[in-house]
Amino acid sequence: GSEGGPVSGMAPRPAPAAPLSRYAALLSCDCQTANPGLAGLLHTNSPVLKGRSNWAEYYYRALQEGVHYLEFDPGFAVEAVKEALKPSSRSRMAAMAEAAQKFAYTYLSQRSRVLYYVKAISEYNKLFGPGYMKATVADLPPNRPPTMDDILALRMYPSTWRQGLA
């Protein structure tokens, strides 16, 4: 609608988990791309149904289908929701929501993500020799642990990385 903000695009912060936890199942419609919102959905107390996709976020390989989420093929979301809502699926869906939430709190918290990004940037820098990303990593605070805001504020432009100008 015209009365609100944009209806597409990425939100600067994920949706709060509390309102989402009231739903019996949440859909992550990855199918054509990796969904950056999946991490937020895994934090809720609702089972997540994830569209099958060849795209991946960095943590997807650690997730287990049937343990942390229920996967569905494109075009079959309705069937997946019906299966998840069956009374015979309640205990399995509850266990899945709990496992997903534990995974998210352990590996997808803001602190965990910051540690991952700092390590990824440092290891990537090592591939090209000392000082390659000096201008980028110099923006990380030297006197305190970095925060997600610090990471998001980094000047990371892949074209300049390739040229060694970052």
Quiz item: Is there any pair linking a residue in the stretch 104-128 that is within 12 Å of L42 (Cβ to Cβ) to one that is among the charged types (D, E, K, R) and at pLDDT 80 or above, with Cβ under 9 Å and at least six apart or on different chains, and which?
Solution: Y107/R113
Quiz item: Regarding S159, is this residue closer than 30 Å to A24 by Cβ, of a type in the set (S, T, Y) and either in contact with a Ser or Thr (Cβ under 9 Å, 6 or more places away or on another chain) or at pLDDT below 75 (or both)?
Solution: no
Quiz item: Which of the following residues is surrounded by 12 or more Cβ atoms within 10 Å (Cβ to Cβ) and more than 24 Å from S21 (Cα to Cα): N54, N125?
Solution: N125
Practice problem: Might you let me know whether the stretch 57-78 holds any residue that is modelled with pLDDT under 90, among the aliphatic types (A, V, I, L, M) and closer than 23 Å to S109 by Cβ? | Solution: no
Quiz item: Is at least one residue of the stretch 140-154 modelled with pLDDT of 70 or more, within 19 Å of the chain's Cα centre (by Cα), of a type in the set (D, E, K, R) and within 22 Å of Y59 (Cβ to Cβ)?
Solution: yes
Quiz item: Does A17 satisfy being among the small types (G, A, S), under 15 Å from the mean Cα position of the chain (by Cα), closer than 27 Å to L152 by Cα and at pLDDT 90 or above?
Solution: no
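The values are calculated or read from the model by the stated rules, or taken from the named source; none is laboratory data. Keep in mind that what you see is a predicted model, and the values were worked out from it rather than measured. Here the Cβ is made from the backbone with ideal geometry for all residues, glycine too, and neighbour counts use every protein chain on show.
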